Structures are given as structure tokens and as C-alpha cells.
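Report on the structure given below.
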Amino acid sequence: MDRCVVLVDAGYLLGAAASLLAGEPSRSRITVDHAAVVAGLRERAELETGQPLLRIYWFDGAPDRVPQPEHRRLRVMPRVTVRLGALTRTDGRWAQKGVDAAMHAELSELARNRACSDVVLVTGDGDLLPGMMSAKEHGVAVHLWAVQAADGDYNQSEDLVAEADERRVLDRQWITAAIRAREIPGVCPPPGPRPEIAAILSAPLPESASGGERLAPPEERPGKNGTAPEPAAAESAPPGKVAPSEPAGPTVPTPKDLAGRSHAAPAPPPAQPAPSATLRWSSEKGWTDRGAGADLPDTSGLPTLAQLTSAEQRWADREADITAVSGDPFEVGQVFARRWIARLTDTSQLQQLSTHYPRVPHRIDGELLRYAARFGLLAHKDDQIDEHDRYAIRAGFWREVDAHAVAEHAPAGE
């Protein structure tokens, strides 16, 4: 059959691309436009083999073989079939299991059934050598593609290279058309109109649990007699003893840290007052910096997204989640808020929601986090969404609320 088939080892393709673009093989260091990758593979395969494409097989690992967001997007693309192996963690490192065996079986089956005349293999694993030899014995031409190696490293089995009928290299120019290095962001996306989002993450060290007063820097702390600072640790330590070092600096505050912090804080510069750092979480009994004795606003009048969504809209939402939403935590929060706002029948509820900032109302927040869990944000994290991801999810939610609230009150003509 005069057609070509492409078999892609995603672990090899994306890991080698990450090494090339970001300096390390971690796939978390890159962002991938999967539609562009598929289009590029198809175009190049048809050009180099001279045959129309039958299908692209995408082999990858996933925890418990449960499709992740990228797999759900890939498997609904035309001419793409996703095959998943297991993803297991050993000695702190993730490893694919069963992917090589699945590629070997698919390659042998295609060749035996004469389903194609040419096979393109995007892999570097020498375990596929028997399958490659079997395919050649059945009259299939085998094209081996490599990813340009970082720093001159060789990232393919020499036996595979020697056995292939044709070999090509996907160079940096081809890779960067669909894959780019991810800029390592802060814990939360840039705050824009909500500087309090960043303020939570850059808050000072937590106060002592007993007095509720600000924990002073080491040089400002009084000595044992309460009148003068103690000498530096290195000078006061007895000979031969190493004095305990002070903490290196503030870290990202946990909800427990923030809950124990009083309103006392270092005074901001007069010309640029600092926003108050308040806690953003879902519990109705949680802490919010609203001043002493302030009552929490009533949330009972705010509908959930499920209450605003018809059966037809629910189907359309699911379709969009599979094909259009990347699963980035910040984007997930934006998408959820956008749908909630678009379906409100009473626009005053948008302003009512804004008064709750920075605390997402409990019922809506729980629904938001359950929605985020659909995109694999629970994966590898003991069935809990990572703290940083939760900050980003809620930041995306409030960013979208901000944008619509401002548009709602903008004067006509602006």
C-alpha cells in the first residue's frame, strides 16, 4: 500500500527538544503547540517519502495510562492515534513503561499487513531495532528521524542509525516552529490590575505565634536583658561550637502562616502605598484581611456555573475543554470565570462577586477547583492541586472578573 505512517516516541521528541531549547530534558521546561507539531510531521513525512499520510501514531506515557490534557487534544486531531504506556516514578524520577513494546508491536503489525510502504520513526531507543529489521523484511522502507542534539550530544542508538534506510534530523529551526522554551514564571502570573496577588507571595516572614507581633530581623531583636541586640551569632558562639544560622529569608507563605499574621506590617513608602497581603482560599471560616470585626459578605445569592449552564452548553464546554483549552492553571481560571460571567442573567451579581475579592466564594471556588482537576492538575501530586497552581487558578479567575467588571462600568464611547 503506497502510504506512509509516522510513529512518534513523544518522550524522545519532547525530551530532546527540551534539552535543545532549555538545557535540560524536563518537558515542563517547554510549551508545545501540538497542532503545529502534527502538521509539521505530516508535511515533512509526505515530502520526504513521496507518499500520502495514512496516520500518525503518538506514543507516550501517562500515570495509570490515564490520558492527560495534551493526549485528549491530540487524539481528536485528524489522522492522529494516541497510544499510552504507563508512567511510573522510581528513585524520584519519572520513567515510561510499555511505550517501546507498543511501538514495536505497531511497527511489526503495519509491516506484516502491508498497511504502508514507508514508516517514519521519530525515536532514539535501540529497543526498536528488532521491529525495524522485521519491517524491512516485509518490504517497508524505514525512515529514522532524530532531534538535533544539545551541545553535540548523540541522542540516538547507533544500531538504529545503521539499520535505517533513510535518516534525517529535525533541526532547531523545525523544532522552534512548534516548540519553545518556557520562561520560568513566578509563583503567580503578573498581577496587572490586582497587585495583591503578588503581595501574598512576597509577604514578609510570618509573625510569632504567641504575641502576634511582627518578627523583627535578627539585627533588630533585643538581647536577653531586653535592652540591646545580641552580638552576631558567629561572634557569640563558644569556641568549637557552630551557632545556629538564621533563616536565609522569606519563603512563600502558607495559609497557616498568613492566618497567624496580624495587621501590623512594615510601613510602606509614603508615595507608593503597598497593597495589603490577604489570603485567598475557599473555606467559609478562612481568614481574610477585612479589618477587625468585619462581617463576611453573604454568598448565598451567587449562582454556581452548573446552575447557569444548560445541557447543550455543558456539551459545548466539554468539547472546548478537549480541543481548545490548554490546561495551564491561569488559563483554566480565566475560562471558568469567562463562562460564569457570560451566563449571568443578573449583571449586578458580577459586582457582588467583585466585593468578595480576594476570597472566591466557597461554592464557586470548590466548583472551580473541581473543574481544574479535569485537566490533569491533580496528576503526580497525591490527589491535591499544588499550592502554586491554586494561586494561579484563582489569579486567572480574578483577572477575568476584573476585565469584565471594568468593561461593564466603562463610559460609553471609550
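Where in the range 39-137 are the strands (runs of 3 or more DSSP E), entirely inside, with at least 1 residues that are modelled with pLDDT of 95 or more? Result: 53-62, 80-90, 118-122. Just so you know, in the range 373-399 the residues that are surrounded by 20 or more Cβ atoms within 10 Å (Cβ to Cβ) and of a type in the set (D, E, K, R) include one that is modelled with the lowest pLDDT, and it is D389. Residues in the range 298-320 that are at pLDDT 90 or above and among the β-branched types (V, I, T): T304, T309. Among the residues here, R359 does not qualify as surrounded by 20 or more Cβ atoms within 10 Å (Cβ to Cβ), in a helix (DSSP H, G or I), at pLDDT below 90 and not assigned by TED's automatic domain parsing to the domain that holds E70. Is it the case that E46 is under 30 Å from E319 (Cβ atoms), among the charged types (D, E, K, R) and more than 30 Å from the chain's Cα centre (by Cα)? Yes. When the range 316-327 is filtered for residues that are of a type outside the set (V, I, T), part of a loop (DSSP other than H, G, I, E, B) and touching a residue at least 40 places away in the same chain (Cβ under 8 Å), the ones remaining, listed by number, are S326, G327. Looking across the range 55-76, the residues that are surrounded by 18 or more Cβ atoms within 10 Å (Cβ to Cβ) and either more than 28 Å from E319 (Cβ to Cβ) or under 22 Å from the mean Cα position of the chain (by Cα) (or both) come down to W58, F59, D60, G61, A62, Q68, P69, E70, H71, R72, R73, L74.
The values are calculated or read from the model by the stated rules, or taken from the named source; none is laboratory data. Treat the numbers as computed from the prediction; the structure is a model and nothing was measured. Note that each Cβ is placed from the backbone with ideal geometry, even for glycine, and that neighbours are counted across all protein chains shown.
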